[in-house]
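> Structure in structure tokens, see below.
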Amino acid sequence: MNVESVPWDHPEASALREGQRREIAVRYGTPDSEPGTPPSAADIAVFVVVRDDDGSAVGCGGLRDLGDGSGELKRMFVLPDRRGSGAAPALLRDLEGRARGLGWRRLFLETGDRQPDAVRFYTREGYSPVPAFGSYADVPGCLYFGRDL
């Protein structure tokens with residue numbers, strides 16, 4: 001697996017984010033279940049894609065600066081047929097390394113109560129439940145995790 005930084009509007013990054021949003025829409029039964037401020041080129045510090053051995057983009061993720069030495073994982077996604085391939089851990093480790101490079105000491109994330117696979121993944125990777133944060137604070141169905149870097 002190879003992880004590379006790309007612009008927010010890179011075509012492969014956009015296609016992967018659209019795939020993530022489609023999957024979420026099916027799980028939650030609504031075309032827009034974004035519980036907080038949607039990420040954008042203006043507030044994402046870094047965005048990456050993970051590529052398999054043949055160079056195909058199979059996943060993506062980004063980092064949003066929360067201030068005070070912390071950041072948020074955003075739009076982390078791996079294509080369903082590539083899950084279990086090692087793409088997600090490679091992607092997460094790369095994003096954590098980039099966060100450290102930005103001087104961040106902690107990462108947070110929000111996921112939903114209809115994403116048990118995400119909860120299992122993040123828990124397995126060392127993320128623990130944390131109090132609600134940011135614009136998600138009063139949104140039902142949100143689950144919050146964090147990890148010291």
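The values are calculated or read from the model by the stated rules, or taken from the named source; none is laboratory data. Note that this is a predicted model, so its numbers are computed, not measured. Don't worry about glycine lacking a Cβ; one is built from the backbone with ideal geometry, like all the others, and counts go over all protein chains shown. Surface accessibility is based on the protein's heavy atoms, side chains included, excluding ligands, DNA and RNA. Shrake-Rupley method; radii C 1.70, N 1.55, O 1.52, S 1.80 Å.
> Within the chain, what whole-number % of the accessible surface is contributed by carbon and sulfur, with the 1.4 Å probe and all protein chains included in the calculation?
Of the solvent-accessible surface of the chain, carbon and sulfur hold 51 percent.
> For the chain, what relative contact order do you get, as a whole percent, if you take Cα pairs closer than 8 Å and at least 6 residues apart?
So the answer I get is 22 percent.
> Among G61, G86, G19, which one shows the biggest mean-square fluctuation in a GNM of the chain, springs joining Cα atoms closer than 10 Å?
G86
> Picking from S135, S85, S40, which is most flexible by a Gaussian network model of the chain using Cα springs under 10 Å?
Result for the chain, Cα springs under 10 Å: S135 fluctuates most.
> Between D43 and E23, what is the spin-label point distance in nm, taking each point 7 Å from the Cα along the Cα→C-beta axis?
2.3 nm
> Given the chain, what percent of its DSSP beta bridges are antiparallel, to the nearest 5?
Bridges in the chain that DSSP calls antiparallel: roughly 90 percent.
> How many percent of DSSP beta bridges within the range 44-132 run antiparallel, rounded to 5?
80 percent
> Translational diffusion coefficient, Stokes-Einstein: compute it for the chain using the Kirkwood radius over C-alpha pairs as Rh, at 25 °C and 0.890 mPa s, and state it as an integer in µm² s⁻¹.
Stokes-Einstein gives a translational diffusion coefficient of 159 µm²/s.
> Could you state the accessible area per residue of the range 72-149 in Å², with a 1.4 Å probe and every protein chain left in place?
Per-residue accessible area for the range 72-149 comes out at 50 Å².
> Pick out, from A42, F77, L66, the residue whose Cα sits farthest towards the positive end of the charge dipole of the range 1-116, with +1 on the Cβ of Lys and Arg and -1 on the Cβ of Asp and Glu.
L66
> Taking R0 as 25 Å, what's the FRET efficiency between D53 and D117 from their Cβ-Cβ distance, rounded to 0.05?
FRET efficiency, D53 to D117: 0.55.
> Given the rule -39500 (n - 2.57) for each run of at least 4 DSSP H residues, summed and divided by the residues of the chain, what is its mean residue ellipticity at 222 nm, to the nearest 500 deg cm²/dmol?
Dividing the helical sum by the residues of the chain leaves -9000 deg cm²/dmol.
> Would you kindly derive the ³J(HN,Hα) couplings of the range 91-100 from the backbone phi angles with the Karplus curve 6.51 cos²θ - 1.76 cosθ + 1.60 (θ = phi - 60°), listing them in order in whole Hz, with x for Gly and Pro?
Calculated HN-Hα couplings, in order: 5, 5, 4, 5, 5, 4, x, 5, 4, 4 Hz.
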